[in-house]
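Let me begin by presenting the structure, written as structure tokens, before commenting on it.
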Amino acid sequence: MTTKGFSVKHARDTKFERGLRPYLEYRYLGIKKATEGRVVAWHLRKIPGVPFPPGNPHLHRTSFQFVYVLKGWIDFEYEGQGVVRLEAGSCAHQPPSIRHRELGCSEDLEILEVVMPAEYQTEEVASLVD
């Protein structure tokens, strides 16, 4: 019997690359392929010296999103929650389609993020409230 979808990624064998946000680098962890697109996981880190502008309010059409801060801090503003600072060791479950925006982060920010499904839509919204 074979185990389908088993995956191991070592930091020494992978590289960070530019992604969706110009101030972050992404290291993809192989979960998308292993789960046939059901889940994506990546290690994100702030690119030193690249400005982190406050983000526009937006939402993600997901079924699950989990953020864990490995290093540094990041400030979010969430619909119905206000401003939330996540720092090293903090985690957040972002419910599907919660409106939010990034406000700022430390230069040494590193995050682990897990999202379902692996391919999802991001939509800008006018504000964090109706």
Scanning the stretch 1-16 for residues that are farther than 24 Å from Glu107 by Cα and open to solvent by 80 Å² or more (accessible area, probe 1.4 Å) gives Met1, Thr2, Thr3, Lys4, Phe6, Val8, Lys9, Asp13
Just one of Val39, Val67 is within 22 Å of Gln121 (Cα to Cα) and touching a Cys at 6+ places or on another chain (Cβ under 9 Å); which is it? Val67
List every residue pair whose Cβ atoms lie under 6 Å apart, where the two residues are 6 or more positions apart in sequence or sit on different chains, the first residue falls within the stretch 2-28 and is under 21 Å from Pro53 (Cβ atoms), and the second residue, located anywhere, is assigned to a loop (DSSP other than H, G, I, E, B) and open to solvent by less than 90 Å² (accessible area, probe 1.4 Å). Tyr23/Ile47; Tyr23/Val50; Tyr23/Phe52; Glu25/Phe16; Glu25/Ile47; Tyr26/Gly19
Out of (1) open to solvent by 20 Å² or more (accessible area, probe 1.4 Å); (2) within 22 Å of Glu17 (Cβ to Cβ), the one Ser106 does not meet is (1)
I'd like the full set of residues that are under 17 Å from Glu110 (Cα atoms), open to solvent by less than 50 Å² (accessible area, probe 1.4 Å) and not in a strand (DSSP E or B), limited to the stretch 17-61. Gly19, Arg21, Tyr23, Leu29, Ile47, Val50, Phe52
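The values are calculated or read from the model by the stated rules, or taken from the named source; none is laboratory data. All values derive from a computational prediction rather than experimental measurement. Cβ: placed from backbone, ideal geometry, glycine included. Neighbour counts: every protein chain shown. What goes into the accessible areas is simple: the full protein's heavy atoms, side chains included, and nothing from ligands, DNA or RNA. Shrake-Rupley method; radii C 1.70, N 1.55, O 1.52, S 1.80 Å.
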